[in-house]
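All remarks here apply to the structure that follows.
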Amino acid sequence: MAVFKSNATRTVCTALCILVMVSSALSELVLHKKVCPDIDWPCTRRKCAVLCLWEARKEDYPYPVKEHCDRPKKCCCRFYKEVHLPPPPHVGIVAAAEHDI
């Protein structure tokens, strides 16, 4: 009987471990907002990157920022945020099937 409890415990722990690993791995960056300040100088990638980093620091924004010169005198900063996705349905089915064994 002790072996059965040990195997059942091991199976449940394995299933939970799989769920935690899959759910933590399933995240993606989505566009949070876009800021396009007007500038007085020709937009270059380097200057735009510095401007976007300054905008991110000003707002204390922790996620990635992507810079792009949309027009000759317009630098756009795209602010992204991380979104955690739910685990795919087959992970829950596998965990339930392992629990029944």
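Some notes on this structure:
- Test for Cys43: is it at pLDDT 90 or above, over 19 Å from Val30 (Cα atoms) and not in a helix (DSSP H, G or I): yes
- Qualifying residue in region 4-13 (condition: surrounded by 14 or more Cβ atoms within 10 Å (Cβ to Cβ) and either among the hydrophobic types (A, V, I, L, M, F, W, C) or at pLDDT 75 or above (or both)): no
The values are calculated or read from the model by the stated rules, or taken from the named source; none is laboratory data. Every value quoted in this text rests on a predicted model; they were computed, and no experiment measured them. Virtual Cβ from ideal backbone geometry, glycine too; neighbours counted across all protein chains shown.
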